[in-house]
Amino acid sequence: MKILWVKGGKLLPVDTGGKIRSYNILRHLAKNHEVTFLSYYSGRRDRSYESELLEQFPGTHIVHVPASESTLSQYVDYIWRLSSRAPYAVTKFTHTEVRRTVTQWLGERNFDVAVCDFLSASLNFPERLMVPSVLFQHDVEAVLWRRLAETETALPQKFAYRIEAAKMASYERLAIGRFCHVIAVSQRDREEILKMDPRSRVSVVPTGVDTQRYRVAPSASGNPPIVAFTGSMDWEPNIDAVEYFCREIWPSILADFPDARFQIVGRNPHPRVQRLQSASVEVTGTVQSVMDYLHSATVVIVPLRIGGGTRLKIFEAMAMGKAVVSTSIGAEGLELAPGRDLIIADTPQSFAASIRQFLRDPQLRRKYEQAAVEVATRNDWSEIARAFAKVLEESRAGFHSDRGV
């Protein structure tokens with residue numbers, strides 16, 4: 001197949017869940033298909049990014065959109081786009097040159113199929129799609145923004161989130177109907193998408209893990225006990241998760257295990273995260289590799305209360321043979337068996353009790369560690385990319401050019 005893949009924002013470094021998913025599917029698709037990757041980004045021109053991307057994906061077309069990166073400029077940009085019916089999370093990734101390029105290429109019909117990676121790139125696609133075009137939904141954005149609005153306590157942010165959530169609910173429904181096929185990352189997301197547009201063709205391609213990179217580590221000694229959380233620490237759901245854990249759960253763990261340490265591992269820690277640093281809590285900031293921290297972790301936690309899509313951090317921990325405690329939202333979208341593959345705990349009391357159970361019982365912990373490795377082995381990215389390619393083939397075969405708005 002000749003595949004056009006359109007994504008807003010930099011793909012490298014591969015340091016967020018969406019980037020990890022896109023990067024690994026792209027690199028495996030490129031082994032068996034002709035992939036043209038249209039990468040566009042704003043801010044300062046980054047020649048090193050462009051050269052590295054071209055080295056890894058020779059079929060890349062790069063569009064740089066000059067823009068100021070100052071906080072004031074971003075606020076002005078938000079206000080300027082406020083009157084748009086589309087949410088800011090979409091309009092800020094919509095650019096004239098990108099739209100012109102995509103429209104021209106699809107009009108020439110030189111591709112068998114096109115992929116719109118994330119809803120954010122969707123306004124760059126023409127209303128009438130002359131080539132089978134697939135929307136890759138890493139999250140159901142309306143659900144994500146609604147949860148952000150519900151949990152935010154600061155009034156200015158809460159107001160902004162409510163506006164964005166309302167716009168997103170309306171826009172996402174319309175956007176889904178424009179594409180001939182939608183790829184969701186979980187069955188739950190598929191159900192949410194079908195609620196918005198029951199006519200849509202929605203397939204599930206689950207998340208994966210690089211089992212060649214995340215190799216099984218020996219079971220940690222637990223002396224001292226190390227509890228770890230990994231993720232981008234400038235993302236609101238992760239910020240909320242570690243604040244909630246340190247406030248509601250960690251004190252009771254320390255009461256029973258005074259020498260325990262909690263490691264918050266991830267790039268760009270927000271000031272709210274930095275304030276959590278203490279004698280028992282380490283905020284690492286950007287690290288060369290999260291694998292070193294996963295290697296020494298006794299238990300890995302995912303105390304998310306906000307979010308959508310699927311949790312790559314869980315599979316990465318599982319691939320290294322780690323016992324995981326998560327909230328239901330933290331493991332949402334993963335085909336996992338609670339009580340066998342991981343422990344699900346949705347109250348502070350049950351979450352703390354589950355961690356204590358793993359810390360006190362190494363034999364139980366090793367049982368979960370073995371189950372985790374088995375799960376990860378079945379979800380290597382090579383298998384996920386094959387499933388993705390199959391959906392693209394099906395979209396191509398069943399395409400009618402009169403699809404669109």
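The values are calculated or read from the model by the stated rules, or taken from the named source; none is laboratory data. In this text the structure is predicted, and so the values were computed from the model without any measurement. Cβ atoms come from the backbone with ideal geometry, glycine included; neighbour counts cover every protein chain shown.
Residue by residue, here is whether (1) without any contact (Cβ under 8 Å) to a residue 12 or more places away in the chain; (2) touching a Lys or Arg at 6+ places or on another chain (Cβ under 9 Å); (3) in a helix (DSSP H, G or I); (4) hydrophobic (A, V, I, L, M, F, W, C) holds:
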| site | (1), (2), (3), (4) |
| --- | --- |
| Y161 | no, yes, yes, no |
| A165 | no, yes, yes, yes |
| A175 | no, no, yes, yes |
| R190 | no, no, yes, no |
| R199 | no, no, no, no |
| R215 | no, no, no, no |
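When the range 287-301 is filtered for residues that are farther than 19 Å from G222 by Cβ and at pLDDT 95 or above, nothing remains. Scanning the range 41-61 for residues that are modelled with pLDDT under 95 and part of a helix (DSSP H, G or I) turns up nothing.
Taking the listed residues Q74, Q157, Q137, the one that is at pLDDT 90 or above, within 30 Å of D240 (Cα to Cα) and not hydrophobic (A, V, I, L, M, F, W, C) is Q137, with no other qualifying.
Among residues of the range 350-381 being exposed (fewer than 15 other Cβ atoms within 10 Å of the Cβ) and touching a residue at least 60 places away in the same chain (Cβ under 8 Å), the one that is nearest to E34 (Cα to Cα) is T377. The sole residue among V113, V140, V65 that is in contact (Cβ under 8 Å) with a residue 12 or more places away in the chain, of a type in the set (V, I, T), crowded, with 22+ Cβ neighbours inside 10 Å and more than 20 Å from G17 (Cβ to Cβ) is V113.
Hey, among S73, S22, S83, S51, which residue is among the small types (G, A, S) and under 27 Å from V131 (Cβ atoms)? Just one listed residue meets the conditions, S22.
Pairing residues of the range 79-91 that are more than 21 Å from Y41 (Cβ to Cβ) with residues that are surrounded by 14 or more Cβ atoms within 10 Å (Cβ to Cβ) and of a type in the set (K, R), at Cβ distances under 7 Å and at least 6 apart in sequence or on separate chains, gives R85/K167. Screening T284 on (1) assigned to a loop (DSSP other than H, G, I, E, B); (2) surrounded by fewer than 23 Cβ atoms within 10 Å (Cβ to Cβ); (3) at pLDDT 95 or above shows it passes everything except condition (1). Among the residues of the range 217-270, those identified as charged (D, E, K, R) and crowded, with 17+ Cβ neighbours inside 10 Å are E236, D240, E243, R261, R267.
Each row is one residue, and each column tells you yes or no for (1) within 23 Å of S203 (Cβ to Cβ); (2) in the same structural domain as A331 (by TED's automatic domain parsing); (3) of a type in the set (K, R); (4) over 20 Å from the mean Cα position of the chain (by Cα).
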{"site": "D346", "(1), (2), (3), (4)": "no, yes, no, yes"}
{"site": "F351", "(1), (2), (3), (4)": "no, yes, no, yes"}
{"site": "S354", "(1), (2), (3), (4)": "no, yes, no, yes"}
{"site": "L359", "(1), (2), (3), (4)": "no, yes, no, yes"}
{"site": "Q363", "(1), (2), (3), (4)": "no, yes, no, yes"}
{"site": "Y368", "(1), (2), (3), (4)": "no, yes, no, yes"}
{"site": "V373", "(1), (2), (3), (4)": "no, yes, no, yes"}
{"site": "F388", "(1), (2), (3), (4)": "yes, no, no, no"}
{"site": "L392", "(1), (2), (3), (4)": "yes, no, no, yes"}
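The residues of the range 76-91 that are surrounded by fewer than 18 Cβ atoms within 10 Å (Cβ to Cβ) and within 27 Å of V14 (Cα to Cα), listed by number, are D77, Y78, A89. In the range 223-275, the qualifying residues are those that are in contact (Cβ under 8 Å) with a residue 60 or more places away in the chain and in a strand (DSSP E or B), and the one that is farthest from the chain's Cα centre (by Cα) is I226.
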